[in-house]
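The values are calculated or read from the model by the stated rules, or taken from the named source; none is laboratory data. In this text the structure is predicted, and so the values were computed from the model without any measurement. Glycine gets a Cβ as well: all are built from the backbone with ideal geometry, and neighbour counts include every protein chain shown. These area figures cover heavy atoms from the full protein model, side chains too; ligands, DNA and RNA do not enter into them. Shrake-Rupley method; radii C 1.70, N 1.55, O 1.52, S 1.80 Å.
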Amino acid sequence: MDAVQSFLMIPDSVSDRILLFDPINGSLIDNNFIDGSSDTGLGIFQTPLNAIQVNQEIWVSAQLADALFRFDLQGEYIGVVGDADGDGDTDGLDNIRGIEFINGQIYVANGGDDNDVPGDGEVVVVFDPSGNNLGFFDTGDPYDIRAFNGELLISDINRDSDGGEDIDRYSIDGVNSAQLGTFHESDGETGVDFPQQITVRDSSGTVLVGGFSAPGGSYEYDVTGMQV
């Protein structure tokens with residue numbers, strides 16, 4: 001029996017599309033796997049930031065569309081997650097960024113306070129795979145979320161508090177997730193500034209974090225959060 005082929009999905013937040021790459025050698029497989037642009041495609045994406053598999057679907061977070069979009073595994077459009085009022089965005093989300101699927105729940109980083117977002121807007125909202133909004137928990141100003149060593153790592157881009165510019169650790173408890181501590185603390189000057197995307201290197205077990213502001217770049221940390 002042939003093995004199921006795996007792909008790496010990369011959002012192009014400028015051209016509003018999802019590209020497919022070979023996860024082993026990095027070769028481009030499809031430069032227009034999902035075209036959500038207004039010019040040539042569905043016209044639904046506005047700055048797509050994350051694409052993940054949720055059971056037998058693909059969910060895409062679009063930051064400025066304030067929406068989670070659902071597709072089948074072939075990239076065919078299904079609809080918007082949690083759009084009860086039919087306005088084309090996901091109810092209760094604003095300025096959304098990274099998403100993570102772990103233990104049967106989807107964690108969504110939310111940074112804005114419009115659209116009846118709960119709390120102060122800087123929260124993580126939790127959904128089930130059917131698209132039901134289960135609630136939220138408070139964080140800093142979250143940008144991305146990644147499961148790591150039985151916990152959630154959440155990047156905090158908040159520049160205004162003593163706890164900002166860090167990678168924080170949270171328990172994986174749905175809406176009851178609580179901060180466990182700091183994975184990596186940065187002053188935003190000599191370390192990572194405005195930490196965005198987080199990923200885990202399977203080959204080494206280390207964590208890669210994208211720093212948006214100077215000194216911009218990709219930062220690598222060991223399992224203890226020490227920069228390597």
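Per-structure values
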| quantity | calculated |
| --- | --- |
| Inter-residue pairs, beta-carbon under 9 Å, first on the phi > 0 side of the Ramachandran plot and in the stretch 33-47, second of a type outside the set (S, T, N, Q), 6+ apart | G43/D16; G43/G36; T47/P11; T47/V14; T47/D16; T47/A62; T47/L64; T47/A65 |
| Residue in the stretch 52-60 that is in contact (Cβ under 8 Å) with a residue 12 or more places away in the chain, of a type in the set (S, T, N, Q), under 27 Å from S155 (Cα atoms) and open to solvent by less than 10 Å² (accessible area, probe 1.4 Å) present | no |
| Every residue from the stretch 108-133 that is buried (at least 18 other Cβ atoms within 10 Å of the Cβ) and in contact (Cβ under 8 Å) with a residue 60 or more places away in the chain | G131 |
| Contacts under 7 angstrom Cβ, first residue in the stretch 200-214 being assigned to a strand (DSSP E or B), partner of a type in the set (K, R), 6 or more apart | V200/R146; L208/R201 |
| Qualifying residue in the stretch 71-78 (condition: without any contact (Cβ under 8 Å) to a residue 12 or more places away in the chain and either in a strand (DSSP E or B) or open to solvent by 40 Å² or more (accessible area, probe 1.4 Å) (or both)) | yes |
| Subset of the stretch 91-122 that is of a type in the set (V, I, T) and in contact with a Phe, Trp or Tyr (Cβ under 7 Å, 6 or more places away or on another chain) - its residue that is nearest to A51 (Cα to Cα) | I99 |
